[in-house]
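Peer 1: My structure is below; once you've seen it, I'll send some questions.
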Amino acid sequence: MLIHTNHCNEKEGRYIPETVFELRKFVAPEFIIGVDARELAGRYAKNFGAAHILLVTGPDIIKAGWVADVTRSLGNEGVKCTVLSDVSPNPRDYEVMKGAEIYKEAGCDAIIAVGGGSPIDCAKGIGIVVSNERHILEFEGVDNVRIPAPPLICIPTTAGSAADVSQFAIINDTDRRVKIAIISKKIVPDISLCDPVPLTSMPPELTAHTGMDALVHSIEAYASNASSPVTDIHALESIRLISAYLPLAYHNPDHVGYRYKTMLGSLLAGLAFSNASLGAVHAMAHSLGGLSDLPHGKCNAILLESVINFNFEACPERYGIIAQAMNADCSSQEPSDIKKKLLSAVQSLKTELNITERLRDLGISRDIIHSLAISAMRDPCLATNPKRPELRDLEHMYEEVF
């Protein structure tokens, strides 16, 4: 946790935060953003010396035609390609292991992921299984990957997960029915080709869920006890962009300009949370999604207000700045008023995106709340939440959205 005490700068005769003196390391891949960035896949595969790519994607992405654009780009550079297309939403451990077998059998030497967070996380998992020759579940936690993965090129087709720029991978442990988090600098992709055009094929519900995932990334990164001036810049601009442009993209799905703004917001959120980590929303969402297989972004959206309500007293100034970034009326300086305005802004955005469900509406039984809370307590994202919750606090937050 950062210590926000002050040191006196004798030369200038003023006080400056101690955090100025603290050494921090930041990770990010190379990235290109703009229309038709996906068509650079072949060039970068060749730059990495790849001869045979494993392309990890999903059936809907193939149907939309985006994979064909990528394979054509690879073919133009003389790079072979094997396609793995049966990746589930919330990728399973056994899918990662199957992908690693296919990679080896085909003689692949690099990976391209085309899709949202699920294909990208699956591709990350395949890469580290291939290079380390261990089961994917053995990498759970922080810094447990010893050998870097083969080159990984990401082409995100949603504006939400930011898995294409992060050091996180989330995989379903199907035996325990929980999502595990793998956090390592060795799974940061080599390059992300951020193209807003594929976003135009996203259905409204997916636009809403992935957009809320990006918003939660930036909110949690800004409130994180591992935040920094660098991550703050990315997080706040992401909050501004997503709050303003996600509803526009939702209602105007073919508008490439709006899609570009949401993709930029997702990218900035990824740069923020990959370096500042996350908090209780994600810890609880991982638990909920692992047990119920619900969409991750929807889980985040449902839980967000309850967690803000719990965390607010730990860093009211930070949440006040978040409220301003969401264009909430913060003319009152009273923390209680600011909290109400922030919660109202979140609720209004969710209503416009038609995210109105509570846990009971999604078939979740109240009987499993205790189990959800126990699982969330083990999630590494909880370590950077601005206020440390006890088990009963997590149970209460789940109950609030039941």
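Values quoted throughout were computed directly from the atomic coordinates according to the rules given, and no laboratory measurement underlies them. What you see is a predicted model; the values in this text were computed from it and never measured. When we count neighbours, we look across all protein chains shown, and the Cβ atoms used for this are built from the backbone with ideal geometry, even at glycine.
Peer 1: Compute the acute angle (0 to 90°) between the alpha-carbon long axis of helix 335-352 and the principal axis of greatest extent of the alpha-carbon atoms of the chain; round to the nearest 10°.
Peer 2: With both axes taken from Cα atoms, the answer is about 30 degrees.
Peer 1: Under 26 Å Cα to Cα from Lys298, which lysines show up? Leave out anything in the same chain fewer than 8 places away.
Peer 2: Lys63, Lys124, Lys179, Lys261, Lys339, Lys340, Lys341, Lys350, Lys387
Peer 1: Another question about this same structure. Modelled label-to-label distance, Ala383 and Asp293, 7 Å Cα→beta-carbon offset: nm?
Peer 2: For Ala383 paired with Asp293, the spin-label model returns 3.1 nm.
Peer 1: With the contact rule set at Cα under 8 Å and sequence spacing of 6 or more, what percent relative contact order holds for the stretch 30-199?
Peer 2: Once divided by the residue count of the stretch 30-199, the mean separation gives 28 percent.
Peer 1: Here's a follow-up. Report, ordered by chain and residue number, the aspartates and glutamates lying within cross-link reach of Lys104, taken as a straight Cα distance under 14 Å and ignoring same-chain residues fewer than 8 apart.
Peer 2: Candidates past the 8-residue exclusion: Glu133.
Peer 1: For the stretch 202-400, what is the relative contact order in percent, using Cα pairs closer than 8 Å and at least 6 residues apart in sequence?
Peer 2: Once divided by the residue count of the stretch 202-400, the mean separation gives 27 percent.
Peer 1: Let me ask you something else. Among Ala345, Ala123, Ala162, which one moves the most in a GNM of the chain with springs linking Cα atoms closer than 10 Å?
Peer 2: Comparing Ala345, Ala123, Ala162 in a Gaussian network model of the chain, the most mobile one is Ala345.
Peer 1: State, in angstrom, two size descriptors of the chain derived from its alpha carbons: Rg to one decimal place and Dmax to the nearest whole number.
Peer 2: 20.7, 66
Peer 1: Under a plain spin-label model, where a point goes 7 Å from the Cα along Cα-to-Cβ, how far apart in nm are Ile147 and Lys80?
Peer 2: Label-label distance for Ile147 and Lys80, simple model: 2.1 nm.
Peer 1: Note down the nm distance, to one decimal, between modelled labels 7 Å out along Cα→Cβ at Glu138 and at His52.
Peer 2: Going by the 7 Å Cα→Cβ label model, 2.4 nm.
Peer 1: Can you give the relative contact order of the chain as a percent, counting alpha carbon pairs under 8 Å and 6+ residues apart?
Peer 2: Once normalised by length, the contact order is 15 percent.
Peer 1: For the chain, set up a GNM with springs between Cα atoms under 10 Å and report which of Asn385, Asn172, Asn354 has the largest fluctuation.
Peer 2: Of the options given, Asn354 has the highest mean-square fluctuation.
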